[in-house]
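The values are calculated or read from the model by the stated rules, or taken from the named source; none is laboratory data. These numbers were taken from a predicted model, which means no experiment stands behind them. Cβ placement follows ideal geometry from the backbone for every residue including glycine, while neighbour counts extend to all protein chains displayed. Protein only, heavy atoms only, side chains kept; ligands, DNA and RNA dropped before computing areas. Shrake-Rupley method; radii C 1.70, N 1.55, O 1.52, S 1.80 Å.
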Amino acid sequence: MDFTGDAIISHGVVERRFEVDGRDETVPGLLWTPEGASGSRPLVLVGHGGSGEKRMPYVLSLARRLVRHRGWAVAAIDGPGHGERAGGSNPVERGSDPGLPRTFVEQVSAAAESMTADWATTLAALQEVDGVGHGPVGYWGLSMGTMFGAPFVAATPAVQVAVLGLMGTLGEGAPWATAAPAVTCPVLFLAQTDDELVPIDRAVELFRALGSADKRLHAHPGAHAAVPIEEIDASEAFLAEHLEAVGGA
């Protein structure tokens, strides 16, 4: 892992850009830690949504919140075709039509295995950083963050709790649906009953497929992007319930 550029310090939160050698290409990421942090603490990995990137507003807000409120470390990486990995164009723009375009689903499905490897490499590198260390690990990712996140969580016993959602089964063989029974850590799953991209019945199917003994479904009326702020509060509380019970900051 190589840290690049100058750190950004804001109200006690240190943001550092890093690069790791992914399976197919260099993977750029961001790490947020408390100012002056040393030793080990809980780490939350955040997966961004489709057409987003590692520093999109809700990722940045969530990261700063968890660092300030809890003293944890938080990290995010660009998904394939997104952010600094877009290569001059974003192949997964969703457009304005209802539902997720087939090309988007196919492209994310094809990239799921390499993204799991990229997250695994990133996690291993972060755990060697002073101020992160080998504390308990959580994952938070909605929409495309679940498409990539569910296979990673299923393959990574170190991940002890996850917040997933805004995604469904979406046809036979989708990697996130195939991986769902192997997701056994506690999961908070968020859904929108009027989601124009992911039908609520498909979201419930994915929730039911999760292998977790402790899984909770929170559903609200509204469109895909209309997740209420109270669910960010609920996400923090759910992560804390499991991360601080086994390690703490």
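Entry remark, region 220-242: residues being without any contact (Cβ under 8 Å) to a residue 60 or more places away in the chain and either among the hydroxyl-bearing types (S, T, Y) or over 27 Å from A155 (Cβ atoms) (or both) number 10 in total. The single condition among (1) of a type in the set (S, T, N, Q); (2) modelled with pLDDT of 95 or more; (3) more than 20 Å from V153 (Cα to Cα) that S114 does not satisfy is (3). When region 102-115 is filtered for residues that are of a type outside the set (D, E), touching a residue at least 40 places away in the same chain (Cβ under 8 Å) and either open to solvent by 10 Å² or more (accessible area, probe 1.4 Å) or in a loop (DSSP other than H, G, I, E, B) (or both), the ones remaining, listed by number, are V105, S109, S114.
Only residues that are buried (at least 18 other Cβ atoms within 10 Å of the Cβ) and under 21 Å from A124 (Cβ atoms) were counted across region 17-35, and they come to 11.
Considering region 121-140, the residues that are assigned to a helix (DSSP H, G or I) and over 14 Å from E25 (Cα atoms) include one that is nearest to the chain's Cα centre (by Cα), namely L123. If you check D118 against the conditions, is it of a type in the set (D, E) and open to solvent by less than 60 Å² (accessible area, probe 1.4 Å)? Yes; evaluated as a whole, the condition is true for this residue. Has region 59-67 got at least one residue that is small (G, A, S), farther than 30 Å from G36 by Cα and open to solvent by 20 Å² or more (accessible area, probe 1.4 Å)? Checked against the condition, which is being small (G, A, S), farther than 30 Å from G36 by Cα and open to solvent by 20 Å² or more (accessible area, probe 1.4 Å), region 59-67 yields no hits at all.
For region 36-57, the set of residues classified as touching a residue at least 12 places away in the same chain (Cβ under 8 Å), over 15 Å from G149 (Cα atoms) and open to solvent by 10 Å² or more (accessible area, probe 1.4 Å) consists of A37, S38, G39, S40, R41, S51, R55, listed by residue number.
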